[in-house]
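A.B. asks: To start, I am sharing the structure in question, which I have written as structure tokens.
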Amino acid sequence: MQLVKRRRLHTIKIHREGTGVLIPLLCVLIALNVPLWLFMAPGPVPIILSALSAVGYLFVFNFFRCPHRDYTGPRDNMVVSSVDGKVVAVEKVFEGEYLRHEAIMVSVFMSPLNVHANWFPVDGEVEYVRHHSGRFLSAWLPKASTENERSTVGIRMDNGRHITVRQIAGAMARRIVTYAHVHDDACIDDHLGFIKFGSRVDIYLPVDSKILLKINDYTAGGVTPLAVVPPASGQKES
């Protein structure tokens with residue numbers, strides 16, 4: 001039976017993960033820039049330094065933006081991209097942590113300019129969550145999936161199939177936040193977590209999945225259809 005999923009009715013302008021960064025940063029920049037204008041003669045130096053401060057703050061402010069999104073397409077058997085970014089890999093690999101068998105891995109790389117909120121890619125139930133300490137290699141590297149700081153979430157879809165979502169830190173990303181807990185309902189419209197600065201998310205799907213994207217395609221988290229996963233044997237098609 002298909003469960004009715006909760007929907008968030010409010011719009012998030014700035015992600016909650018940004019509050020602890022943006023407010024202290026603003027205070028520091030104000031403390032640095034006000035003396036420039038009070039104690040230096042008018043000229044290019046305070047103008048340039050204040051402009052650089054404003055640009056830097058707007059960059060960080062933009063990084064923590066978090067648009068509210070509702071997926072309006074078909075939901076049965078559907079996998080939707082978890083993040084904004086660029087598809088950098090679509091390949092068959094062995095996923096040995098949760099699925100423990102061969103799977104199709106779809107990797108999406110997020111630049112510092114992308115929205116860094118992570119959405120659940122499917123409707124279902126969270127069965128597995130584990131954080132792994134690790135290195136901070138470039139997220140582009142294949143070995144980043146197993147050697148970098150990462151968080152793995154295993155989900156049982158409503159159609160009985162299982163997928164793995166892996167949040168991976170990059171050279172700039174120093175903190176992975178995972179909101180998912182075991183036995184939580186997974187809903188495409190809800191946030192799975194957040195990764196601070198450039199990073200990557202890998203989604204591992206059953207090998208009989210129909211992949212809807214190819215390398216170099218761009219995705220929008222919670223919006224772009226990524227794959228169709230046939231229901232488990234004995235599960236009725238919707």
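The values are calculated or read from the model by the stated rules, or taken from the named source; none is laboratory data. The shown structure was predicted, so the numbers you read here are calculated from the model rather than taken from an experiment. We place every Cβ from the backbone using ideal geometry, glycine too, and count neighbours over all the protein chains shown. What goes into the accessible areas is simple: the full protein's heavy atoms, side chains included, and nothing from ligands, DNA or RNA. Shrake-Rupley method; radii C 1.70, N 1.55, O 1.52, S 1.80 Å.
A.B. asks: Mind listing whichever residues of the range 185-202 are closer than 14 Å to Ser151 by Cβ and part of a loop (DSSP other than H, G, I, E, B)?
C.D. replies: Lys196
A.B. asks: Does any residue of the range 167-181 turn out to be open to solvent by less than 10 Å² (accessible area, probe 1.4 Å) and at pLDDT 95 or above? Even if it seems obvious, please write down each step before you answer.
C.D. replies: Just the residues of the range 167-181 that are open to solvent by less than 10 Å² (accessible area, probe 1.4 Å), to begin with: 167-170, 173, 180.
Cutting the leftovers down to at pLDDT 95 or above gives us none.
No.
A.B. asks: Quick check, is Gly124 over 16 Å from the mean Cα position of the chain (by Cα), buried (at least 21 other Cβ atoms within 10 Å of the Cβ), over 15 Å from Glu97 (Cβ atoms) and at pLDDT 90 or above?
C.D. replies: In short, yes.
A.B. asks: Answer with yes or no whether Arg156 is modelled with pLDDT of 95 or more, in contact with a strand residue (DSSP E or B) (Cβ under 9 Å, 6 or more places away or on another chain), surrounded by 15 or more Cβ atoms within 10 Å (Cβ to Cβ) and not β-branched (Val, Ile, Thr).
C.D. replies: yes
A.B. asks: Which condition from (1) outside any loop (DSSP other than H, G, I, E, B); (2) open to solvent by less than 80 Å² (accessible area, probe 1.4 Å) is the one that Ser82 breaks?
C.D. replies: (1)
A.B. asks: Just wondering, is there one or more residues in the range 47-60 that are within 18 Å of the chain's Cα centre (by Cα), of a type in the set (A, V, I, L, M) and modelled with pLDDT under 85?
C.D. replies: Yes: the range 47-60 contains one or more residues that are within 18 Å of the chain's Cα centre (by Cα), of a type in the set (A, V, I, L, M) and modelled with pLDDT under 85.
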